[in-house]
Amino acid sequence: MSLYAQRGVSAQKEEIHQAIKNLNQGLYAHAFCKIYPDYLGGDAQMINVSHADGAGTKSVLAYLYWKETGDAGVWKGIAQDAVTMNIDDLLCIGIYDNMIFASTIDRNKKLIDGTIIEQLINGTQDFFNQLAAYGIHIHYLGGETADVGDVVRTIAVNGTIAARWPENKLITNQKIAAGNVIVGFSSSGQAAYETTYNSGLGSNGLTSARHDVLNKWYAQQFPETFEPLLPNEVVYIGNKRLTDTITIHNNNYTVGQLLLSPTRTYAPLVKQLLEQHFDDIYGMIHCSGGGQTKCMKYLPQTLKVVKNNLLPIPPVFQLIQENSGADDKEMFQVFNMGHRLEIFTHEKAAQQMIDIAAQLNIDATVIGHTETAQQNELIIQGAFGSVQYTY
């Protein structure tokens, strides 16, 4: 059993998919988000989408960083994480403007004070203001903040986003087919709309990142940050402190800065891609939970997906793997490993999309392609070797 599974986490969420198998799958079975008729407006040419996501256990890392350094500003990054994980899912079905958002914050009031709540709420609005400058408008409709210390050990930061959208402007993944090329857009670096280096980690796999990298000192000092029923051998097994320094491209960053780097939104980029290349986008995947295997859940037909020209793996993932000893197969199905957005398209459009990304200082390349197959299969190849997944 992998370390990820031993900690009570599933990259593929098999039990969740089993539980929801009988629910309405929406109008388009292979779309990245469930899409429904326009129940709110009754317009046959419009659709409704409501989607929920959050920062996950990254909020526990923020708690540790705050307790160790006293820097409450780290919580603004958690606010961005919760929003981005929602927005970037909607981007993958073609929605990039005029959304509504409600936050859900569950806290243990004994440990999380009002200062933190203020940082989260103000951070959410600040992020919306930043996106508005790029023509992406999200309306903050409040939400729920609950004091549930009997349920939540520290804090959980989530949200729900909703939109009405023209049905003829949707990306449904139904056009994905053999012979497509796949463009991957980097999750790391510093995009034109970011203020500092982004490690690329995002908001998935943080249970592993936290326990694999940080050392036992955190278990001793902050027992509220992990499930007490976990075996000792999977709890904080690394050798790092959040304040330790790592050099990347001749710049020094703390481990905390790398692990808590706010999740990059691709909204400013995808808005341009959809406005200029809508007909060229056959499918779009947010490589979130499930990492580089995520695309396999949205294929409209049986295909082999080959990813054999990946972007360079960012140092943060090397840091995690060195501490955990996880094999490549597990790393690629837990983490994005360098690109969190991929678009299925054709070769001519691929280069044009790469050029648009470059204008926003986002690295991109054709990372792979699709082939005909007898069963769904994913092959990932690189300097590390090759890993294979069958479905």
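The values are calculated or read from the model by the stated rules, or taken from the named source; none is laboratory data. All of these numbers come straight from a predicted model, not from anything done at the bench. Glycine also receives a Cβ, built like all others from the backbone with ideal geometry; neighbour counts cover every protein chain displayed. Ligands, DNA and RNA are excluded from the accessible area calculation, which covers all protein heavy atoms including side chains. Shrake-Rupley method; radii C 1.70, N 1.55, O 1.52, S 1.80 Å.
When restricted to Cα atoms, segment 183-341 yields an Rg and a Dmax of 17.3, 55 Å, respectively.
Solvent exposure of Asp106, expressed as accessible area, is near 40 Å², computed with a probe of 1.4 Å over the protein chains only.
For segment 290-357, the Stokes-Einstein estimate of translational diffusion at 20 °C and a viscosity of 1.002 mPa s comes to 155 µm²/s, using the Kirkwood hydrodynamic radius over alpha-carbon pairs. Distance distribution note for segment 208-294: the fraction of Cα pairs above 23 angstrom is 50%.
Where the centre of each part is set by its Cα atoms, how far does segment 280-359 sit from segment 126-159, in angstrom? Cα centroid to Cα centroid, the span is 27 Å.
Solvent-accessible area of segment 245-391 (1.4 angstrom probe, protein heavy atoms only): carbon and sulfur portion equals 40 percent. Simple rule: put +1 on each Lys or Arg Cβ and -1 on each Asp or Glu Cβ in the chain, find the dipole, and look at Cys287, Pro228, Leu341; the Cα lying farthest toward the positive end is Pro228. Restricting the calculation to Cα atoms, every distinct pair contributes to the Kirkwood radius of segment 347-387, found to be 12.6 Å. The equivalent ellipsoid of segment 1-151 has semi-axes of 29, 23, 14 Å, largest first, where each one is the square root of 5 times an eigenvalue of the Cα gyration tensor. Across Trp66, Trp217, the residue with the most accessible area heads the list, and the full order at a 1.4 Å probe is Trp217, Trp66. When the P(r) is computed for segment 35-105, the part past 15 Å accounts for 62% of the Cα-Cα pairs.
Note on segment 319-365: Cα-only Rg and Dmax are 14.6, 41 Å.
Of the chymotrypsin sites (Phe, Trp or Tyr not before Pro) found in segment 107-178, no site is in coil according to DSSP while having at most 16 other Cβ atoms within 10 Å of its Cβ.
Arranged from highest to lowest average of other beta-carbon atoms within 10 Å per residue, in what order do the peptides 53-65, 319-331 appear?
Details: 53-65: 25.4, 319-331: 18.2.
Going from most to least packed, we get 53-65, 319-331.
Just checking the listed ones, Leu360, Leu40, Leu311: in the Gaussian network model of the chain with Cα springs under 10 Å, the one fluctuating most is Leu40.
Which semi-axes, in whole Å and largest first, does the equivalent ellipsoid of the chain have when worked out from the alpha carbon gyration tensor as the square roots of 5 times its eigenvalues? Show your work: numbers first, answer last.
On the way: eigenvalues 195, 128, 85 Å².
Semi-axes, largest first: 31, 25, 21 Å.
Among beta bridges identified by DSSP and lying wholly in the chain, the antiparallel ones come to about 80 percent.
In a GNM of the chain with a 10 Å cut-off on Cα contacts, which of Thr263, Thr293, Thr115 has the highest mean-square fluctuation? Evaluated over the chain, the most mobile residue of the options is Thr115.
Peptide packing for 158-166, 19-27, 266-274 was compared via the average number of neighbouring C-beta atoms within 10 Å per residue; ordered from the highest value, the list is 266-274, 158-166, 19-27. Altogether, the Stokes-Einstein calculation at 10 °C and 1.306 mPa s, with the Kirkwood radius of segment 83-168 over Cα pairs as Rh, returns a diffusion coefficient of 114 µm²/s.
Among Lys76, Lys294, Lys216, the residue with the largest mean-square fluctuation in a Gaussian network model of the chain, with springs joining Cα atoms closer than 10 Å, is Lys216. Net charge dipole, segment 10-119: roughly 340 debye, given to the nearest 20, about the Cα centre with Cβ charges of +1 for Lys and Arg and -1 for Asp and Glu. Computed over protein heavy atoms with a 1.4 Å probe, the accessible surface of the chain works out to 42 Å² per residue. From the largest down, segment 220-270 spans 43, 29, 16 angstrom on the principal axes of its Cα atoms.
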